[in-house]
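**Student:** My questions all concern the structure below.
Since every read-out is calculated from the coordinates, none of them should be taken as a lab result. None of these values were measured; they are calculated from a predicted model. Please note: Cβ atoms are built from the backbone with ideal geometry, for glycine as well, and neighbour counts cover all protein chains shown.
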Amino acid sequence: KSPDYELSGRGDVRYGSYDNVRFRGALNVPIVEDKLAARVTFVSEDRDGYEKNLYPGGTEGSDADVLYWRTQLLFEPIDKLSLTFRASQFESRGVGPGRKRLPTPTDSLLEAASEITEDPDLYTVWKDTAEAQTVDLDLYTVQADWELPSAMLTALVSRGETSFTWLADGDQTRATAEEGGHTFILGADPISSKQGLAELRLTSLPSSSFEWLLGAFYFEEETSTRFELTSASLAGSKLDSVFVRSYWDIDTTSHAFFGQIADTFGANDQFKLTAGVRYTRDKGEGEIWDRVEFSLWPFPSMTEENLRETWSETTWKLGADWQLTPTSLLYASVSKGFRAGGFNFEAPFPDKSIYDPEDLTAYEIGSKNRFLNERLQLNLAAFLYDYKDFQVFQIINTALYIENAGEVSNYGIEAELTALVTSAFEIDAHFSYQRGRFDQFLSIDPLYTAGPGGSAPAGGVEPSDLSGNHLPNTPDFSAHLGAQYTWPISNIGSLTLRAQSYYQTEVYSRAFNLDVGKQDAHTKSSLQARFDDGDENWYLVAGVNNIEDEAVVANVAITATGRVLANIGAPRTWYAGFGMEF
């Protein structure tokens, strides 16, 4: 929320499962009437990890140790000119997101297929590496809004800096290297990034006879990664270890020019047409150095790779709105989207080092409505997304590996409903059906590089035909249902009880649609009770999330030796808190 000229504040404190303590607050202060105002926002959260580490004294992942603040200053030195200054900082410490070792398929030819993972509980792990992470993000922004005689001029300049370090257990096996087992440690120290952004927009005023917009955009980023990997195992009577250092530097620039126009036709401006166009040009330059040291071989291996590429695209949108009645709107649109390409450093196959841009043509029709004296809101939509060179995301070792699927389609329908049954009883619901499939895609599974059933000749690789497979993390069906009821309590306040539930069908976190990384259909529900005092100056709240205690696999990473590491969502948690505002 931006600053304004009213003195106001709000804040809350919450305690819950896993010793979760959270503080949030915001204070808005007018300094000079109609000239200068400030707003400060603050969030702090601390929580033990969801994981249970069986290693004595080991760290437990999926914890929280975060601090965030933002300061905003609004200055209006003259009429029709507004300057907003923003500064924010985010810090995260502790262990960070925890990963659970899942069984590697026994028919995989990779080394890890012979290792045993002992505990099927998705929140129980064995990690003999003291995992840790640090995340720091600083962001500074200046925005100017100047109302000219016939347009609004907006200028935005922003500068950010990010730093990220982490250390992770990459094998989660009980046996140490000295016992004949394997130790696999991953780390980055640091991954750092500096970003700069500038945007200039000229837009029509409300008094204009039609709506229009013109703009220019520029972005630059310098990213530096220092990545380390240690792998150790017992080779006869000697400890065989491999130490890998990778240095990645990537410079990215993007600039764009865009414009849009919209005009109404017919009596009472019931029909509106919109047309927009944007030209984008992205450029990337990257280089990587690798140093690999072997304990049983005195000479390190050195490699270097340099990549450079430029992508450009003209995208557009055409849309039409028809205001049937003051409370019913029909709309339709067709638009073209673009996502830039990029680099896969250390790609498993040389021809995958650079991935292409993703192109999307999106069609949508829908209706937004309010019925029964605006007590019932119903929104309906149908869509078709047609992709070319769809970018498929995988995590191999610790790197994000992206490749292009030839053709992908996703179509479906959505419905949203909100109903005020009575002044005290409210229902909300959401329904979605979508059929997202690969129409054309050949890819090599890192778990089955020889192809389905080992169809490739000895030592060779064979891609799998993924045509017809589900898109990752795309359920065919999902639905949400919520209801709440409010009781007045004499003259002291009101009590609101809310229940809600979410259901989705099975999803796959990988394009290969195997049981590895598959999440079965599941339901997650929550309950909340809230008491508000009569003047609505303070409240008490308590609730429980994920009542079913469903352990949801969010995504998986595959290491070079075939270890499968998954991120798991939060288990059942409860909370209670107090808040106030003025």
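**Student:** Please report, in cubic angstrom per residue, the volume enclosed by the convex hull of the alpha-carbon atoms of region 273-347.
**Tutor:** Once divided by residue count, the hull of region 273-347 is 131 Å³.
**Student:** Beyond a 29 Å Cα-Cα separation, which of these cross-linked pairs lie in this structure: 336/524; 1/35; 80/283; 283/518; 317/524?
**Tutor:** 336/524; 80/283; 283/518; 317/524
**Student:** Right, here's the next one. Which parts of region 300-341 would a label at residue 367 reach, counting a residue when its backbone N lies under 12 Å from a point 7 Å out along Cα-to-Cβ?
**Tutor:** 324-325, 328-331
**Student:** For a Förster distance of 22 Å, can you work out the FRET efficiency between the beta-carbons of residue 111 and residue 461, rounded to the nearest 0.05?
**Tutor:** Computed FRET efficiency for residue 111 and residue 461: 0.85.
**Student:** Arrange the peptides 303-314, 462-473 so that the one whose residues have, on average, the most other Cβ atoms within 10 Å appears first.
**Tutor:** Sorting 303-314, 462-473 by mean packing, highest first, produces 462-473, 303-314.
**Student:** Also, I was wondering about something else. If the convex hull of the alpha-carbon atoms of region 8-79 is projected onto planes in all directions, what is the mean projected area in square nanometres?
**Tutor:** That works out to 6.3 nm², a quarter of the Cα hull's surface.
**Student:** Could you list, bin by bin from short to long, the percent of Cα-Cα pairs of the chain in 10 Å steps?
**Tutor:** Binned Cα distances yield the sequence 3, 12, 19, 27, 23, 11, 4, 1, 0.
**Student:** Work out the length of the dipole vector of the chain about its Cα centre, built from +1 on the beta-carbon of each Lys and Arg and -1 on the beta-carbon of each Asp and Glu, and round it to the nearest 20 debye.
**Tutor:** For this selection, approximately 1040 debye.
**Student:** With a point put 7 Å past each Cα toward its Cβ, work out how far residue 413 is from residue 144 in nm, to one decimal.
**Tutor:** With each label point 7 Å from Cα toward Cβ, the separation is 5.2 nm.
**Student:** If the label point is 7 Å along Cα→Cβ of residue 15, which residues in region 27-46 have backbone nitrogen under 19 Å from it?
**Tutor:** Under 19 Å, as judged by backbone N against the label point of residue 15, lie 44-46 of region 27-46.
**Student:** Obtain the nm distance between the two label points defined at residue 263 and residue 174 by a simple spin-label model: each point lies 7 Å from its Cα along the Cα-to-C-beta direction.
**Tutor:** Result for the modelled spin labels: 7.6 nm.
**Student:** On to the next question. What order, most packed first, do the peptides 166-173, 246-253 have when packing is the mean number of other Cβ atoms within 10 Å of each residue?
**Tutor:** 166-173, 246-253
**Student:** Which FRET efficiency value, to the nearest 0.05, is calculated for residue 26 and residue 352 with the Förster distance at 45 angstrom and r the Cβ-Cβ distance?
**Tutor:** My answer for the efficiency is 0.45.
**Student:** Using all C-alpha to C-alpha distances in region 424-582, build P(r) with 5 Å bins and read off the rounded percent in each one.
**Tutor:** Each 5 Å bin holds this share of Cα pairs: 2, 8, 12, 13, 13, 11, 9, 8, 7, 5, 4, 3, 2, 1, 1, 0, 0.
**Student:** Continuing with this model, one more query. Among 328-336, 487-495, what's the highest-first ranking by average C-beta atoms within 10 angstrom per residue?
**Tutor:** So the peptides 328-336, 487-495, ranked by packing, come out 328-336, 487-495.
**Student:** Something else now. For region 1-129, build the convex hull from the C-alpha positions and give me its volume per residue in Å³.
**Tutor:** Given the Cα convex hull of region 1-129, per-residue volume reads 156 Å³.
**Student:** Have a look at 270, 108, 297 and report the one farthest towards the positive end of the charge dipole of the chain, computed about the Cα centre with Cβ charges (Lys/Arg +1, Asp/Glu -1).
**Tutor:** The Cα lying farthest towards the positive end belongs to 270.
**Student:** Continuing with this model, one more query. HN-Hα J couplings of region 27-34 from phi, Karplus 6.51/-1.76/1.60, θ = phi - 60°, integer Hz, Gly and Pro as x?
**Tutor:** 9, 10, 10, x, 9, 10, 3, 6
**Student:** Next up: Measure of size requested: the Rg and Dmax of region 496-547, with Cα atoms as the atom set and Å as the unit; please supply both.
**Tutor:** That works out to 18.0, 56 Å for Rg and Dmax.
**Student:** Taking 7 Å along the Cα-to-C-beta vector as the label spot, tell me the residue 55-residue 137 distance in nanometres, rounded to one decimal.
**Tutor:** For the pair residue 55/residue 137, the computed spacing is 2.8 nm.
**Student:** Nearest 20 debye, what's the magnitude of the dipole of region 1-67 about its Cα centre given +1 on Lys and Arg Cβ and -1 on Asp and Glu Cβ?
**Tutor:** Using only the charged Cβ atoms, the result is roughly 180 debye.
**Student:** Using R₀ = 25 Å, calculate the FRET efficiency as 1/(1 + (r/R₀)^6) where r is the Cβ-Cβ separation of residue 48 and residue 574; round to 0.05.
**Tutor:** 0.95
**Student:** Still on this model: Using the Cα centre of region 448-576 as origin and beta-carbon charges of +1 (Lys, Arg) and -1 (Asp, Glu), tell me which of 541, 558, 516 is placed farthest towards the positive end of the dipole.
**Tutor:** Positive-most Cα among the choices belongs to 558.
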